[in-house]
Amino acid sequence: MQLPELAFTVLIIVALALTCLTPIILLVLFVKDYFSKTLW
Amino acid sequence: MTEFALDTSLGLTIVILFGVLWVAFGYWLGRKNKTHEDFALAGRNVGFAFAAATAMATWVTSNTTLVAPQLTYQFGLWGMIGYSFAALGLLLFAPMAKRIKTLLPNGYTSGDFVRLRYGQAAWWVFIIISVVYAFGWLISLGMAGGILLESLSGLDYHIGMTAILIICVGYTLFGGLRAVIATDFIQALIIIVGVSLIAWWLVDNVGLQSIHSNLSQAHPQLLDVLFPAAVMFLFNNIFFGLGEIFHSNVWWSRALSFKQGVAYKAYLTGGLMWLPIPIITGFIALAAPQLGIFPPSADMIGPTVAAAVLGTTGAVIVFIVIFSALASSLDSLLAATSDLVTQDLFHKKLKPNASDRTLMRFNRYCILALGIVTWLFCLPRIATLGALLNFAGAFVASTIWPIVLGLYFRRLTGGYAALAMALGTAAGLAAYFLVGFYVAALTSCAVSGLLCGVGVWRSQEQFDWQRLQEER
């Protein structure tokens, strides 16, 4: 049984969106830790 | 322009630039290391941002960037989905990390826990498994470095492999865990941005519909949701990932180095951030048939596609992304394995009265020695990356139950834990050679689980958790 095109598209787009979100989350966390002096 | 995507001198220039940058950064961070605890555990004070990034970046290895596309190319959809299930390891380790920090406030390594919880016999079995796994992973990473540089720039395998080892040993030696974690943060950003750029280009220029339609006509098995060997691989990979994370000092030393209250949310966030990455790197490989790309070695499918579609720019991006992925894991493994040797073998077995300064010096010698031994093993190019790593699956999956039960239940004794790890590994290895790599971890975990179950059922012991709170 083959994966339908719609499911394939949703899978890749959702994965790509989540991946693109990651650097933003990391930078926000970094700035937050930096200003609250809790990096280390 | 040569037949390679990158000019050899450009490849070498990138390596040298990154090398100088990372080693200088490691040296700068290392100035804060005054005690062995600073060096080995970053002062036990790592904040949430660095903690989440290091959990994610360390799990993005050569496997995610080279093997996930390779498995997608071989097993289709299940290759990438199966690979992404390895995120379960990070997600399930989150509550365990919290418990580790509570049970072992002064702990240094996973070996500390096994020795105190189960005694000497189990500790020896555990150390053998840890060392086999650490070298399997280190060699796989060193080889990946050489393969990457050779495939993309034509630089001799031995020179590339030597370069990446020297760089990682260099900054880990100077900066300890602090340098490893700080570089992981930057490497995590580079990896994600690079991978997203390549995938986005493929979606925009080749198109998802076009890739799907080409696969359904020319390679329908790659879209098959009931590919038997691939479904088996999915389960095998889950247990392999759990075994790798649950037992390895790479993850334990991080849990112990995080600030109070950070470990749980850092591993959870790291796992969620890692989850989609193998799907994206796998997707890059799925575009290969349509682009008419059939690389000579399956583990180079991802980089070859990226280099082919984006030309020199793509090759530079891939080069830097994979270099960062390799470095973020290599440095972690060097630091964690050297901690294990320093703390568990040198300090606890050979020199119980060693001063803090001696331990720090010995830890550095260990990093150097590990680098040299890895280099020697990497000299012959012995196996494909996937095969080499899956061999280690037979070992690590046997530790899942002894670690989980040891952390949460009082009844499992050291004898059964040792037996479960030893016989689980033996059964996993038998399955690896008799059936295939995709059942090694599964078999190892099942046999180990069975023996642990018998152990818990037969035991009357009630372990006292206070025995884990050892003074240094």
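Bear in mind these aren't lab numbers, they're just calculated from the coordinates by the rules spelled out. The structure presented is a predicted model; accordingly, all values stated were derived computationally and were not measured. Positions of Cβ are backbone-derived with ideal geometry, glycine not excepted, and every protein chain shown enters the neighbour counts.
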- prompt: Is it possible to state the helix-based mean residue ellipticity at 222 nm for chain A, with each DSSP H run of 4+ residues giving -39500 (n - 2.57), the sum divided by total residues, to the nearest 500 deg cm²/dmol? What is it?
  reply: -28000 deg cm²/dmol
task: Report the far tail of the P(r) of the protein assembly as shown, meaning the percent of Cα-Cα pairs longer than 29 Å.
output: 48 percent
query: In degrees, nearest 10, range 0 to 90: what is the angle between the Cα axis of helix A:5-35 and the longest Cα principal axis of chain A?
result: 0 degrees
- request: Compute the Cα gyration tensor for the range B:1-139, then decide on rounded, prolate or oblate, letting a ≥ b ≥ c be the square roots of its eigenvalues: rounded whenever a/c is under 1.5, prolate when a/b is larger than b/c in the other cases, and oblate in all that remain.
  value: oblate
message: Taking the Cα centre as origin and putting +1 on Lys and Arg beta-carbons and -1 on Asp and Glu beta-carbons, what dipole magnitude results for the range B:81-218, to the nearest 20 debye?
response: 740 debye
Cα-based shape type of chain B, given that a ≥ b ≥ c are square roots of the gyration tensor eigenvalues and the cut on a/c is 1.5: oblate
- request: Go ahead and estimate [θ] at 222 nm for chain B from helices alone: -39,500 (n - 2.57) per DSSP H run with n ≥ 4, summed, over the residue count, rounded to 500.
  value: -25500 deg cm²/dmol
query: What dipole magnitude, in Debye to the nearest 20, does the protein assembly as shown give about its Cα centre under +1 on Lys/Arg Cβ and -1 on Asp/Glu Cβ?
result: 1900 debye
- prompt: In whole Å, what is the distance between the alpha-carbon centres of the range B:67-109 and the range B:168-232?
  reply: 16 Å
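Could you work out the mean count of beta carbons from other protein chains within 10 Å of each residue's beta carbon in B:273-279?
5
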- request: Using the structure shown, list the pairs from A:Lys32/B:Lys259; B:Lys101/B:Lys265; A:Lys32/B:Lys265; B:Lys32/B:Lys259; B:Lys98/B:Lys348 with a Cα-Cα distance above 23 Å, or answer none.
  value: B:Lys98/B:Lys348
message: Just want the answer: with Cβ charges of +1 for Lys and Arg and -1 for Asp and Glu, which residue in B:Leu66, B:Leu177, B:Gly111 is farthest toward the dipole's positive end in the range B:65-201?
response: B:Gly111
Cα-based Kirkwood hydrodynamic radius, the range B:224-280, one decimal, Å: 13.4 Å
query: HN-Hα J couplings of the range B:438-452 from phi, Karplus 6.51/-1.76/1.60, θ = phi - 60°, integer Hz, Gly and Pro as x?
result: 6, 10, 4, 5, 4, 5, 4, 5, 5, 5, 4, x, 4, 5, 5
message: Check which residues have an amide H placed less than 5 Å from B:Phe258's amide H, if you skip close sequence neighbours.
response: B:Val46
query: Taking R0 as 41 Å, what's the FRET efficiency between B:Val231 and B:Val131 from their Cβ-Cβ distance, rounded to 0.05?
result: 0.80
- request: Based on other C-beta atoms within 10 Å, arrange B:Arg99, B:Arg357 from fewest to most.
  value: B:Arg357, B:Arg99
message: Explain nothing, just the number: relative contact order of chain B, from Cα pairs under 8 Å at least 6 residues apart, as a whole percent.
response: 30 percent
query: Which whole number gives the average, over all residues in B:45-56, of C-beta atoms from other chains lying within 10 Å of the residue C-beta?
result: 5
- request: Take B:Tyr432, B:Tyr267 and order them by how many other Cβ atoms sit within 10 Å, fewest up front.
  value: B:Tyr432, B:Tyr267
message: Show log10 I(q)/I(0) for the range B:150-230 at q = 0.19, 0.26 Å⁻¹, two decimals, from a solvent-free Debye sum over equal Cα scatterers.
response: -0.96, -1.14
message: Give me B:Glu150, A:Glu5 sorted ascending by neighbouring Cβ count inside 10 Å, so fewest comes first.
response: A:Glu5, B:Glu150
field: Unit charges on C-beta of K, R, D, E only; dipole of chain B, Debye
entry: 1700 debye
task: Mind running the shape call on the range B:390-472? Use the C-alpha gyration tensor, a ≥ b ≥ c as the square roots of the eigenvalues: rounded below 1.5 for a/c, prolate if a/b tops b/c, oblate otherwise.
output: prolate
statement: Output field shielding_mean for B:206-217 (other chain Cβ, 10 Å radius) holds 3
message: If packing is taken as the average count of other Cβ atoms within 10 Å, what order do B:221-227, B:196-202 fall into, highest mean first?
response: B:196-202, B:221-227
task: Could you go through the range B:230-242 in sequence order and give the Karplus-derived ³J(HN,Hα) for each residue, using 6.51 cos²θ - 1.76 cosθ + 1.60 with θ = phi - 60°, rounded to whole Hz, and x for Gly and Pro?
output: 6, 5, 4, 4, 4, 5, 4, 5, 4, 5, 4, x, 4
